[in-house]
Amino acid sequence: MTPAGSLLTAQDLHKTYGPTPALDGAFFSIHPGEIVAVMGPSGSGKSTLLHCLAGIVRPDSGTITYDGRELSSMPDAERSSLRRSDFGFVFQFGQLVPELTCVENVALPLRLNGVKRKEAERRAAEWMERLEVDDLGSKRPGEVSGGQGQRVAVARSLVTSPRVLFADEPTGALDSLNGERVMELFTQAARSANAAIVLVTHEARVAAYSDREIVVRDGKSRDLEFTV
Amino acid sequence: MVCIVLGMSIGHTLLGLLESGPRHGYDLKRAFDERFGHDRPLHYGQVYSTMSRLLKNGLVEVDGMEAGGGPERKRYAITEAGVSDVDQWLAQPEKPEPYLQSTLYTKVVLALLTDRSAADLLDTQRAEHLRLMRILTDRKRRGDLADQLICDHALFHLEADLRWLELTAARLTQLSTEVRA
Amino acid sequence: MSAAGWARDLSIGAKFGVAGGREGWMRTLLTAVGVGLGVAVLLFTTAVPGALSAREDRGQARDDFSALMADKRGDTTLQAPAETKYHGKDVRGRLVRGESARAPVPPGLSALPPAGQMLVSPDLKKLLDSPEGKVLRERIPYKYAGTISDSGLLGPHELAYYASVPTLAYDGESQVRRISAYGATRQQEPMDPVMALLVVIIFIVLLMPVAVFIAAAVRFGGDRRDRRLAALRLVGADAQMTRRIAAGEALAGSLVGLVLGAGFFLLGRQFIGDMTLAGINLFPADVDPSPALAVLVALAVPAAAVGVTLLSMRGVVIEPLGVVRTAVARRRRLWWRLLLPAAGLALLYPMIGQGRDNGRFNQVQVISGTTLLLIGVVALLPWGVEAFVNRLGGGTTAWQLAVRRLQLTSGTAARTVNGIAVAVAGAIALQMLFAGIDGDYTKPTGADLTRAQLSVTGNGFSGAAQGAEMAERLRATHGVRSVASLGGATVTADPDDSYLSTITLADCASLREIASIGACKDGDTFVTTGGWDQTVASVSKPGQKLYVTTSASGKVDDKTLVWKLPADTRSVPVRKSPGGSEGGGGILVTPRALPQLTTAKLSRTLYLLLDPGVSDAAELARNTVSAASPLYQVQELTETDESTRFASVRRGLYIGTAGVLLLIGVSLLVSQLEQLRERKRLLAALVAFGTRRSTMSWSVLWQMAIPVALGLVLSTGVGVGLGAILLGMVGHSVAVNWTAVAAMTGIGAGVVLLVTLLSLPPLWRLMRPDGLRTE
């Protein structure tokens, strides 16, 4: 049975890309405000699990429930709209639009939600301040360091006040010090906003910022919150 | 160092070896040396003292004796209590600390030998490592720079262990065929 | 750097081009196809003048107007033109009769056909034998004696025949000619300066975008190449070497392109025989670029490819660990960009008005002036795009994404639309010029199609072709409603006087077509008033003695009738003929008034009113006429005398411009797809936050539409300006041809839309979440 009080749960997910199964019986749950690390060797299906949980990819079978709603059977448009309003994303790289300035990048999810430009950029600036990158507003992503860029990305993931943040190797391209700073600011900001984080990482020191971890191996994961 | 660690778990190791069937003392020593002894074989004295402690605690029983007497001539068999003691030991994560790998290695091999889940064992251990890492990360967040540096040291070591755990987990299939060969 | 080093680096580059795996190979192929298309267009344009002059030579060789003879000789042929039209297509017919064994034979024939038989062009034979040609077969009933070979035809699809008619007789009056040789020896007239100007401009307008396109094609996949070069730097290549390697790669692509281009050209040439443009149909064999020009193309294209590559790498520093673009910081300056079109204007301006007095244009000045003006577009566009997009802001997210992208890489955007801008500017200018010139020739004819749709004219016929019988036969023809038949002769009061007026013999109904005669019965005679012929007054006194002559010269001879103008002759006003010509007037007689004239050989005009319900009425009428005499000329009446000189050229220009724009569309599409592929991960990330497909699609559209719109605005300006100057040069009043502007910009916009549409499926495919997976 699904764990009580959880915000997002996945039950017995299966997903196959071509001949190889990426998920082969994955379980997952997260409570509001909780930080759960998804760990496992590369190729184990961590990212696929995240994509399924975020409604980016539809699993072949299994159920995903978000806030009492069945995510896996929602049409694409509805899932997209959910991602715009309730979810936030941080990836390893390739996520900032190179031609937009940093503040426009942060404002982008709000703009996609139909917020007016001025208001969107005002709110974006607030979040950039919290992530200590408020001085980068008019710079383009190409002109800032990796750590700064990642903090801009974190600000962007938080700007819509999402309830769940999805982070896929958010520090993968950063050195220890920068990685730690990003994790520090990220988890702090998320906790103060009571946002849950699904944190995909293979690094133990990054996973150490979580409350709990779920290990994916060969597409299988167990969640002890599930009473079998 | 290694001896100390071994001393702490030698009884469980010998018990585990007995799970596959009764053995003579010298058999036990040879099996142990083959798998875990490497360059430091067990002394007969260690085997004798350990076995008599296990006998006293009711974890093994004497199954028979060869002519000539002496502890190395006794044949030992594991008792019910012995099996559950091995269970407990394998399921219990080790306290994350430096130079843990010998114990963990022993545990993994024994788990494989006794058809227990080595992956579960490693997962449990990882969870324990992560639990400690969380505590350290948290402490680091609250502490001053000195605390941070000390915690970082410990974190990096724990991370190294964890990487070893990951690697071992990835090679379990390979290891099990070798161990059972 | 030694020559060997150069050769080594170039060959390394070439190897990268052809052996760089599927990716490198595809890139080279893309470049090669692009260059190949450009080369093929270049070859065609260099071959067209030769082909046209070859065509002219064919026309000269069969000319039958130059060696006219009055008397029969041992080496003469009688010949008469029997031109006709069939469903709008011209049929060149010649009736011939050799007057001796040494009678000249036209080119394409080995001998004149036997009596009553004909030699036909292959297409005419095909048409005559087909069901569609049934009606024409009745008109051209001669037995086949063979076909005319290519040397006797202007183009492979010309409809022509030579029929041997034994009854053909020379009388010096009808259109029967006696010739002693085929072929004109007259000097080729110098080209009309306006035509020469047009040809020059057409070449510039077609070739400029091709050059721009080749330049764009060479740059296909440039970013990927730069990254590969960076990898080479890492293993020890220096900056100079990388440049040479890049040049080698471009060289390989352009060389393959040359081969492909030659292939496209040879392939396309096979189809040229099937195309008819502006009534011109060419033999593939005549489309043969002069060797010098072909060599020039073969050398210029690879050289240009290398040049463009080196130029494009000017702003790029390839470091071992990546590519740094330095060009971003440089601000574009305006002054020298304005200088180019200004210089062009300065060169063209002095020539305004020269065409009026048939003055000749300084070709160098025209070419350089026009080229400078068009290059001005190429130079101004990047500045314009930069200046414009930097002022843009606001709008939707899609708009913002597109605008920001353009601000960052306005140069790339401008480069890709340069070709469109140049093509459109040139095409607008040409359309204006053509439309202006054509406009002068398009006049209402004044023809009244409710009175007649067909006019038949001829001279000196007898027998069945004579007036009354001919009219009867036509009236009996299916689809002919009514026939007005007018016979003409000259009349004078004084046989020694050179003042000649006209006498027209026709029945009352027919006479009404040329004068308002009021009440009329057979036997009446009229004289007209209000006609342009002032000599009527000298012959219009009732009772006057008049000499009526039917000879072509109008001279009084033994056949001249002497006749008195009846006393009851009435004066009547003239009326415009159904063909729209103002009547000259003269004496009008009904048959009974002058019966002797009814059997004379008169010049004859017939107006035919056809039944619109009979679709082939005109063709059937032509058949009847031709059966009476193939020498009659039949004309369809039209309300406007539209000069079709340039109508088809303009149509061709539209097609050509559309083709060039499509070609550029291909390069736009390629760079768009390349850009999308590079942004695969970014797109996937944008999908993750729930970006709608429509947002990205709009962004792609804006990204392409903004620079193209700017390009079209600029090119419309330059095109209208250039068109105005050209019209000024040939001495025409300037009128902006808005239809052409709308059509051209419409085609340009259509290309943008098409490219956007074609790039949407790959965009959507890339926007699938799979893109998030790292390989």
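Nothing in this text is a laboratory measurement; each read-out follows from the coordinates by a stated rule. All figures in this text were calculated on a predicted structure; none of them were measured in a lab. Neighbour counts run over all protein chains shown; Cβ positions are idealised from the backbone, glycine included.
For chain A, what's the relative contact order in percent, using C-alpha pairs closer than 8 Å and at least 6 residues apart?
Once divided by the residue count of chain A, the mean separation gives 32 percent.
Given the options C:Tyr654, C:Ser410, C:Leu565, identify the residue whose Cα lies farthest towards the positive end of the charge dipole of the protein assembly as shown (+1 on Cβ of Lys, Arg; -1 on Cβ of Asp, Glu).
Ranked along the dipole, the leading option is C:Leu565.
Need one number: the % of Cα-Cα pairs in the stretch C:559-690 sitting beyond the 27 Å mark.
Across the stretch C:559-690, Cα pairs with separations above 27 Å total 62 percent.
Tell me, what is the FRET efficiency for C:Trp764 and A:Ser145 to the nearest 0.05, using R0 = 41 angstrom and their Cβ-Cβ distance as r?
E(calc), rounded to 0.05, equals 0.75.
How tilted is helix C:617-628 with respect to the longest principal axis of chain C? Cα atoms for both, answer in degrees (0 to 90, nearest 10).
The answer is roughly 50 degrees.
If packing is taken as the average count of other Cβ atoms within 10 Å, what order do C:619-631, C:526-538 fall into, highest mean first?
Packing order, densest peptide first, comes out as C:619-631, C:526-538.
Suppose R0 equals 45 Å; then what is the FRET efficiency for C:Leu345 and C:Val295 from their Cβ-Cβ distance, rounded to the nearest 0.05?
0.85
Provide a whole-number value for the mean count of partner chain Cβ atoms within 10 Å of the Cβ atoms in peptide A:200-213.
Going residue by residue through A:200-213 and averaging, the value is 5.
Name the residues whose placed amide hydrogens come within less than 5 Å of the amide hydrogen of B:Arg23, ignoring near sequence neighbours (fewer than 5 apart) on the same chain.
B:Tyr76
Quick one: compute a quarter of the convex hull surface over the Cα atoms of the stretch A:1-103 and quote it in nm².
The directionally averaged projection comes out at 8.2 nm².
Counting C-alpha atoms alone, how compact is chain B: give Rg to one decimal and Dmax as a whole number, in angstrom.
Using the Cα atoms of chain B, the pair Rg, Dmax is 18.8, 68 Å.
If you take the charge dipole of the stretch A:11-127 about its Cα centre, with +1 on Lys and Arg Cβ and -1 on Asp and Glu Cβ, which of A:Thr65, A:Leu96, A:Leu82 is farthest toward its positive end?
After comparing all options, I get A:Leu96.
Just from its helices, what would the mean residue ellipticity at 222 nm be for the protein assembly as shown, if runs of 4 or more DSSP H residues each count -39500 (n - 2.57) and the sum is divided by every residue, rounded to the nearest 500 deg cm²/dmol?
That calculation yields -16500 deg cm²/dmol at 222 nm.
Tell me, in nm to one decimal, what length is gained between A:Glu126 and A:Ala173 on full extension, where the rule is 0.36 nm per residue of separation less the Cα-Cα distance?
Here the segment from A:Glu126 to A:Ala173 would lengthen by 14.4 nm.
Roughly how large, in nm² to one decimal, is the mean projection of the convex hull of the alpha-carbon atoms in chain C?
Over every viewing direction, the Cα hull of chain C projects on average to 43.2 nm².
Ignoring solvent entirely, what values of log10 I(q)/I(0) come out of the Debye formula for the protein assembly as shown at 0.04, 0.07, 0.09 Å⁻¹ when each Cα is a single scatterer?
Here log10 of I(q) over I(0) equals -0.44, -0.88, -1.15.
Does anyone have the angle between helix C:291-312 and the longest principal axis of chain C? Alpha-carbon axes, 0 to 90°, nearest 10?
That helix lies at roughly 30 degrees to the long axis.
How high is the relative contact order of chain C, in percent, with contacts defined as C-alpha pairs under 8 Å that are six or more residues apart?
RCO, chain C: 16 percent.
Which pairs break 26 Å Cα to Cα here: A:Lys15/C:Lys680; C:Lys89/C:Lys125; C:Lys134/C:Lys601; C:Lys72/C:Lys555?
C:Lys134/C:Lys601
I'd like to verify something in chain B: which complete DSSP H helices, judged by Cα projection on the helix axis, reach 27 Å or more and average at least -0.5 on the Kyte-Doolittle scale?
B:145-170
Taking Cα pairs under 8 Å and at least six residues apart, what relative contact order does the stretch B:18-177 come out at, in percent?
About 19 percent, as a whole number.
With r defined as the distance between the Cβ atoms of B:Thr124 and C:Leu311 and R0 fixed at 56 Å, what FRET efficiency is calculated, to the nearest 0.05?
Once rounded, the FRET efficiency stands at 0.30.
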